[in-house]
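Let me begin by presenting the structure, written as structure tokens, before commenting on it.
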Amino acid sequence: MAGKKKDLEGNEAVKKEKDANNGSNYLALVANIMISILLMTVGLSMLFITDMKPLYYTYIVIGFLLVWGITCTVRYFAREEFRIISNYDFAFGIIILILSACMILRAKEVSSYFHLLLGCLALIEGVVLLQHTIQMKQLRGAAWFLNLLMALALIAFSVITILNLKKILDPNSQAFYILLVAAGLLGILSQILVAIRAKRFRKNETEEKTRKEKKEEEKEKEQKQERLEDFEQNYGDSFFGRNADRKDDSKNSSDRGNTDASDRSVSENASGSDSGVPTGSAASSDSLDSSKASESKAEETAAASGWTEADESFFRQIRKKK
């Protein structure tokens with residue numbers, strides 16, 4: 001029974017974990033990773049390909065958006081996410097694809113606000129890092145403070161870019177391009193750190209739960225053994241003696257049956273002829289009544305305590321050792 005219970009609990013845990021994974025915000029995860037890669041790609045392109053126009057960078061951004069939209073739409077059907085009522089990956093995927101098509105048609109106009117677009121992407125990345133910081137803190141990760149510094153630095157960079165504060169940071173300088181690459185690297189690094197910490201936290205949580213369950217099982221086993229030994233000491237002979245004697249001595253009793261019957265008959269006749277009272281039979285009857293009363297009390301106690309055949313078998317092993 002205990003093994004079956006553990007299997008059921010294990011299956012339920014696996015099911016819960018699977019449901020949690022199916023219900024996870026895949027859209028946001030993909031977006032965070034793609035934004036990090038996009039910032040790195042644009043920053044590296046600006047550093048090493050100086051002749052590229054903002055229009056080309058706009059097409060790179062649109063390309064990433066198209067991949068993102070297609071991924072979300074295909075995944076919705078491939079993973080049967082329509083079963084999850086809170087999942088809207090298909091809707092967001094279609095919206096992203098439509099917006100990407102509009103951006104392609106108006107690529108020149110969009111390229112004139114390219115730095116503003118980069119600032120918005122960097123802001124999204126910084127806020128995601130801030131959430132990672134909270135996750136790391138709650139999961140008792142040691143690197144949460146480092147994550148907080150990265151998040152604050154990235155948010156400050158994004159605000160400067162959006163406000164176009166050229167006195168602080170020129171969008172056409174190499175320092176700006178290097179910061180774009182750094183922003184992408186920080187986003188990927190933060191995602192890796194929080195993923196590792198979440199995995200370790202789940203592992204430690206499972207191990208702690210297993211240790212508690214084993215400790216409870218051992219404690220329950222010790223308590224049961226103490227109860228059995230206490231019962232053995234008080235009622236063992238009367239409760240188990242009858243069944244054991246019947247099983248062990250059934251063959252010898254059948255062999256002596258006829259002889260004992262004839263002896264009792266002769267003794268009773270002789271006693272009855274002298275005094276007229278069956279003294280041997282009366283003594284035997286009193287002893288039998290006392291034994292039955294003791295057995296009945298032991299059986300009631302055992303029934304009230306919930307003893308089973310397994311307990312009786314365990315009990316007999318204790319008696320054999322003694």
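The values are calculated or read from the model by the stated rules, or taken from the named source; none is laboratory data. Here the structure is a predicted model, which is why all the values come from computation and not from measurement. Glycine gets a Cβ as well: all are built from the backbone with ideal geometry, and neighbour counts include every protein chain shown. In case anyone asks, the SASA skips ligands and DNA or RNA and just uses the protein heavy atoms, side chains included. Shrake-Rupley method; radii C 1.70, N 1.55, O 1.52, S 1.80 Å.
Probe radius 1.4 Å, ligands and nucleic acids left out: which of Phe114, Phe92, Phe48 has the largest accessible area, and how do the rest follow? Let's see the in-between values first.
Details: Phe114 0, Phe92 100, Phe48 160 Å².
Ranked from most to least accessible, the order is Phe48, Phe92, Phe114.
Greater than 32 Å separation of Cα atoms is the criterion. Which listed pairs, Lys137/Lys221; Lys137/Lys167; Lys137/Lys219; Lys108/Lys167; Lys137/Lys214; Lys137/Lys212, meet it?
Values: Lys137/Lys221 39 Å; Lys137/Lys167 36 Å; Lys137/Lys219 35 Å; Lys108/Lys167 27 Å; Lys137/Lys214 29 Å; Lys137/Lys212 25 Å.
Lys137/Lys221; Lys137/Lys167; Lys137/Lys219, as the Cα separations exceed 32 Å there.
Could the peptides 201-211, 169-179 be put in order, highest first, of the mean number of other beta-carbon atoms found within 10 Å of their residues? Write down the numbers at each step before the final one.
On the way: 201-211: 11.2, 169-179: 14.5.
Listed from highest to lowest mean packing, they are 169-179, 201-211.
Roughly how many nanometres apart are two label points built 7 Å out from the Cα toward the Cβ at Leu149 and Ile192?
Output for this residue pair reads 1.8 nm.
Could you list the square roots of 5 times each eigenvalue of the Cα gyration tensor of segment 39-136, that is, the equivalent ellipsoid semi-axes, sorted largest first and rounded to whole Å? All intermediate terms of the calculation are to be shown ahead of the outcome.
On the way: eigenvalues 155, 77, 26 Å².
So the three semi-axes of segment 39-136 are 28, 20, 11 Å.
With r as the distance between the Cβ atoms of Glu207 and Cys120 and R0 = 35 Å, compute the FRET efficiency 1/(1 + (r/R0)^6) and round to 0.05.
Details: r = 43 Å, r/R0 = 1.22.
That pair, Cys120 with Glu207, gives E of 0.25.
Want the number for Ile60 to Ala175: 0.36 nm per residue separation, take away the alpha-carbon distance, what's left?
Numbers: separation 115, 0.36 × 115 = 41.40 nm, distance 2.11 nm.
Stretched out fully, the Ile60 to Ala175 stretch lengthens by 39.3 nm.
When the chain is fully extended, how far beyond the present Cα-Cα distance does Glu220 get from Thr50, taking 0.36 nm per residue of separation? Please list the in-between numbers first.
Numbers: separation 170, 0.36 × 170 = 61.20 nm, distance 7.36 nm.
Computed gain between Glu220 and Thr50 is 53.8 nm.
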